[in-house]
Amino acid sequence: MYNPDKTIKQSPLILGIESSCDETAAAVIRGRRLLSSEIISSATEQAKYGGVVPEIASRAHTDAVAEVVNRALTAAGVEIIELDAVAVTYGAGLLGALLVGLSFAKSLAYALNIPLIAVNHIRGHLAAAYLQDEALKPPFITLLASGGHTAILHTESYSGFNVLGGTCDDAAGEAFDKVARVLGLEYPGGVNVERLAKNGEGNIKFPPCLVKNSEKLQLSYSGLKTAVINYCHNAEQKGEKINPCDVACSFQHAAVDPLVKKTVESAKKLGAGTVTAGGGVIANGYLRETLATECEKAGLKLILPEKKYCTDNAAMIAAEGLIQYNLGNFADMSLNAKAQIPLK
C-alpha cells in the first residue's frame, strides 16, 4: 500500500480518470500543465434512446477505460510507471458508470503504489479554470452551471468556497434538456437548443430564472421550463405553428441573461477582480459571449475554460486531483462510488 509519509512533489505527474456519465475520459497533467486529454464517448449510441441509458453507459466504460488511459499516456509521452498519483471521479454520477472508472483507478494506484485521489465531479468542473490560466489564484467568483447544479460561488481558497446563491429547483442544464425534448431535438439537448437559437429571435416573453423578493440570490429554472412547455402545448392545441428557433432563442435569453447579470453583480459587490466558470452549460456560446461582454464592461478579468473542458472530461478531474494532492488528501482502497454528493 502507498505510504502517505512520502514527500509531496511540487509538479506531480497525475493521471485523471472520468466515467460519471457517457464519456470515458483520461488525462495527464504535470503540475498545472496539461499534457493530454482523451475521450471515448457513447453519446451517439445513447442518442438512439433519447438520453443516457445507465446499463449501456456502464458497458461502454468497461470496453473503453483501458484504451482511453493508454491513449492519454501515449499522447502525454509518459510511461505508466512515471505516474505520481491517480485521480478519479467517485461521484456524483451514474453508479455503475462511476464504479468502472473507480475500480480501474484503484487497481492502478495499488499496483504502482501511488496515491489514489477521490474527486468530486462538480469540484472538477470548478478546477478546470486552473488549467486555463496557470497563474490563477483564489479568491474569485465562480459561475457553476451544469446538468445537475447551478450556483454562484465565492471561491475563497483552493479547497473552499462560499455559495452565494443558486437554483432552488431545476439546474440550467436540466432546463435546456427538457426544452430540447419539447422542441423535438435529439440528445444531447443543450447543444441542439443553442444551434436552433442562432437562427431565431428573442421575441417571446418567458419569465427570467430569477426568484424575486428572495433574501438570498436564488434562481429557478422550473418555472421557465414550464412556461416554454406551456407555450408550445397551447399553440399545438390551438392548431397554431410555433417558430422553434424563436422559442429556443427566447428561452436561452431568459435562462442565461439573469445568471450572467447576478454573477457580475456578485463580483462587483465582493470586490473580486476575477470571474471563472465551470460546468457543461458554460460551453454554451451565447453564455460565453454574454459573460465576456459583461465582465469587460465591469472591468473584471474572465477565465473561461475551453469548451471541451467545460463538458465532462478528465483534465478537470486531474486538475482537482492536483489540489487534493497538494493538501495530502488521499483515499484508501475502501473508497466507494456515490451517485450523489452535496455541492459543499
- Pairs only if they're at least six apart or on different chains, beta carbon under 6 angstrom, first in segment 119-145 and free of Cβ contacts under 8 Å to residues at least 24 places away in the same chain, second of a type in the set (S, T, N, Q) and open to solvent by 10 Å² or more (accessible area, probe 1.4 Å); list them, first residue then second. Pro138/Thr155; Pro138/Ser157
- Total residues in segment 34-48, condition outside any strand (DSSP E or B) and either without any contact (Cβ under 8 Å) to a residue 24 or more places away in the chain or closer than 25 Å to Asn113 by Cβ (or both): 4
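Is it the case that Glu38 is among the acidic types (Asp, Glu) and in contact with an Asp or Glu (Cβ under 7 Å, 6 or more places away or on another chain)? Please lay out each step first, then the result.
On the way: among the acidic types (Asp, Glu): yes; in contact with an Asp or Glu (Cβ under 7 Å, 6 or more places away or on another chain): no.
In short, no.
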- Task: Give the residues of segment 118-154 that are touching a Pro at 6+ places or on another chain (Cβ under 8 Å), closer than 19 Å to Leu291 by Cα and surrounded by 21 or more Cβ atoms within 10 Å (Cβ to Cβ), sorted by residue number.
- Result: Ala128, Ala129
- Being modelled with pLDDT of 95 or more, closer than 23 Å to Arg30 by Cα and of a type in the set (Phe, Trp, Tyr) narrows it down to one of Tyr325, Tyr286, so name that one. Tyr325
- Message: Report every pair of residues separated by at least 6 positions or lying on different chains whose Cβ atoms are under 7 Å apart, first residue within segment 10-21 and touching a residue at least 40 places away in the same chain (Cβ under 8 Å), second surrounded by fewer than 24 Cβ atoms within 10 Å (Cβ to Cβ) and of a type in the set (D, E, K, R).
- Response: Pro12/Asp84; Leu13/Arg30; Leu13/Glu82; Leu13/Asp84; Ile14/Asp84
- Message: Given (1) touching an Asp or Glu at 6+ places or on another chain (Cβ under 7 Å); (2) more than 26 Å from Arg32 (Cβ to Cβ), identify the lone condition not met by Leu183.
- Response: (1)
- Which of the following residues is over 16 Å from Ala314 (Cα atoms) and either touching a Leu at 6+ places or on another chain (Cβ under 7 Å) or assigned to a strand (DSSP E or B) (or both): Ile114, Ile56? Ile114
- Task: Among the residues of segment 86-104, write down those that are in a helix (DSSP H, G or I) and among the β-branched types (Val, Ile, Thr).
- Result: Val100
- How about segment 96-114: which of its residues are open to solvent by 40 Å² or more (accessible area, probe 1.4 Å), of a type outside the set (A, V, I, L, M, F, W, C) and without any contact (Cβ under 8 Å) to a residue 60 or more places away in the chain? Ser103, Ser107
- Message: For segment 59-85, which positions are open to solvent by 90 Å² or more (accessible area, probe 1.4 Å) and either aromatic (Phe, Trp, Tyr) or not in a helix (DSSP H, G or I) (or both)?
- Response: Glu79
- In segment 34-49, which residue that is exposed (fewer than 14 other Cβ atoms within 10 Å of the Cβ) and either of a type outside the set (Lys, Arg) or touching a strand residue (DSSP E or B) at 6+ places or on another chain (Cβ under 9 Å) (or both) is nearest to Val191 (Cα to Cα)? Thr44
- Could you list all residues from segment 14-33 that are over 16 Å from Val65 (Cα atoms), open to solvent by 10 Å² or more (accessible area, probe 1.4 Å) and assigned to a strand (DSSP E or B)? Arg30, Arg33
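Quick grid of which residues meet (1) without any contact (Cβ under 8 Å) to a residue 24 or more places away in the chain; (2) farther than 17 Å from Gly173 by Cβ; (3) buried (at least 22 other Cβ atoms within 10 Å of the Cβ):
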position: Ala235; (1), (2), (3): yes, yes, no
position: Ile242; (1), (2), (3): yes, yes, no
position: Gln252; (1), (2), (3): no, no, yes
position: Thr263; (1), (2), (3): no, no, yes
position: Ser266; (1), (2), (3): no, yes, no
position: Gly278; (1), (2), (3): no, no, yes
position: Arg288; (1), (2), (3): yes, no, no
position: Lys308; (1), (2), (3): no, no, no
position: Asp312; (1), (2), (3): no, no, yes
- Of the residues that sit in segment 199-222 and are on the phi < 0 side of the Ramachandran plot and without any contact (Cβ under 8 Å) to a residue 24 or more places away in the chain, which one is least open to solvent (accessible area, probe 1.4 Å)? Ser214
- Inspect all residues belonging to segment 287-296 and state whether any of them is under 17 Å from the mean Cα position of the chain (by Cα) and in a loop (DSSP other than H, G, I, E, B). no
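The values are calculated or read from the model by the stated rules, or taken from the named source; none is laboratory data. This is a predicted model, so every value here is computed, not measured. Every residue, glycine among them, receives a Cβ derived from its backbone with ideal geometry; neighbour counts consider all protein chains shown. For the accessible areas, the whole protein counts, side chains as well, though only heavy atoms, and no ligand, DNA or RNA atoms are used. Shrake-Rupley method; radii C 1.70, N 1.55, O 1.52, S 1.80 Å.
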